[in-house]
Amino acid sequence: MRTPVILSTALLLTLCGCTREQPSRIVKLAEQAGAGPLSNVSIVDMRVWLNGHPQVAIRVDALCAPLRTNATAAWPQTTEGRLCAAARVSVGQIEAQRHPRRPDTAGFLPGWK
């Protein structure tokens, strides 16, 4: 009698530990653009891929903008949240390359009082 109860409890705990994320159109967009399956990819690897595909990064970042305002606390750990964070950084780098900052020549020099 105890064995079936223990086995069913173990099976139930195993099934509860498996979580599946809801499919996201943002993740699907990146995967269909050639990123491959992103569920186990780190943010750094996502950024590397997005830096090589700036059009996809800009599009993903635009789709993520409204989601960032109402994101839950667990959203940054999801595949969609990691992809959105990587896209935000990539777009920032893309913009920095498009509009480089000029050095400030009007600043203070050593020895000035």
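Ranked by the mean number of other Cβ atoms within 10 Å of their residues, highest first, the peptides 39-45, 82-88 come out as 82-88, 39-45. Less than 15 Å Cβ to Cβ from residue 60, Lys/Arg counted +1 and Asp/Glu -1: what total charge do the surrounding residues give? Once all neighbours under 15 Å are counted, the net charge is +2.
In this Cβ point-charge picture (+1 for Lys and Arg, -1 for Asp and Glu), the range 28-97 has a dipole of about 80 debye about its Cα centre.
Where a number appears in this text, it was derived from the coordinates with a stated rule and is not lab data. What you see is a predicted model; the values in this text were computed from it and never measured. Glycine gets a Cβ as well: all are built from the backbone with ideal geometry, and neighbour counts include every protein chain shown.
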